[in-house]
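The values are calculated or read from the model by the stated rules, or taken from the named source; none is laboratory data. The shown structure was predicted, so the numbers you read here are calculated from the model rather than taken from an experiment. As a convention, Cβ positions derive from the backbone with ideal geometry for all residues, glycine included, and neighbour counts pool all protein chains shown.
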């Protein structure tokens, strides 16, 4: 029997609680920051934040699903907000958990949206494949001019002025410091690029990724 890991993910956002609450309860707003663009994104948002969610305004969202559910809480912190998600469980704290890491990425995307691009539309480029996370992180730092947005055991984020003020999140199934090959995902969030520039950006990133990863794949907005 698989033992479920308990986790808590918390991120500080420089935005008032009412703005954060609106961004996590309005499906139209959620689509501007959550995950990446693909044909099933609207259905995913509906499943998580509407169909399986119980809202307790102004600061609590309970998501009931087959994993036992998670609880999202907003905590005022000065002029900002701490957003926290918790899930009960018993597994060892150092165990990789896809749902935990998903929330870590989502909250960093939410933070970037509210702090740098409130109410703006986005387009994403999503890359998957198998690669050495340590090598990819080093290559990303050379490729993307920016600053560290966040860093955790399984993730690294870079905020950049390129791509209309973009965000790159690398999420790995093995620690990002590892030299061995493991499953990886990279999400590039862009803003304000016209169709021609966005298409060229997709081609460039896929070519770059194909030189680093085994079984490289790309999903993006049209």
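Scanning region 57-70 turns up at least one residue that is in contact with a strand residue (DSSP E or B) (Cβ under 8 Å, 6 or more places away or on another chain), modelled with pLDDT of 95 or more, surrounded by 14 or more Cβ atoms within 10 Å (Cβ to Cβ) and assigned to a loop (DSSP other than H, G, I, E, B). There is at least one residue in region 36-45 that is free of Cβ contacts under 8 Å to residues at least 60 places away in the same chain and in contact with a helix residue (DSSP H, G or I) (Cβ under 6 Å, 6 or more places away or on another chain).
The set of residues in region 7-56 that are over 29 Å from residue 79 (Cβ atoms) and in contact with a strand residue (DSSP E or B) (Cβ under 6 Å, 6 or more places away or on another chain) comprises 36, 37, 38, 52. Answer yes if at least one residue in region 83-92 is crowded, with 16+ Cβ neighbours inside 10 Å and either without any contact (Cβ under 8 Å) to a residue 40 or more places away in the chain or closer than 30 Å to residue 213 by Cα (or both), and no otherwise. So far as region 83-92 goes, no, none of its residues is crowded, with 16+ Cβ neighbours inside 10 Å and either without any contact (Cβ under 8 Å) to a residue 40 or more places away in the chain or closer than 30 Å to residue 213 by Cα (or both). Taking the listed residues 219, 187, the one that is assigned to a strand (DSSP E or B), buried (at least 19 other Cβ atoms within 10 Å of the Cβ) and within 22 Å of the chain's Cα centre (by Cα) is 187, with no other qualifying. Within region 104-125, is there a residue that is surrounded by 13 or more Cβ atoms within 10 Å (Cβ to Cβ), modelled with pLDDT under 95 and within 28 Å of residue 210 (Cα to Cα)? Taking every residue of region 104-125 in turn, none turns out to be surrounded by 13 or more Cβ atoms within 10 Å (Cβ to Cβ), modelled with pLDDT under 95 and within 28 Å of residue 210 (Cα to Cα).
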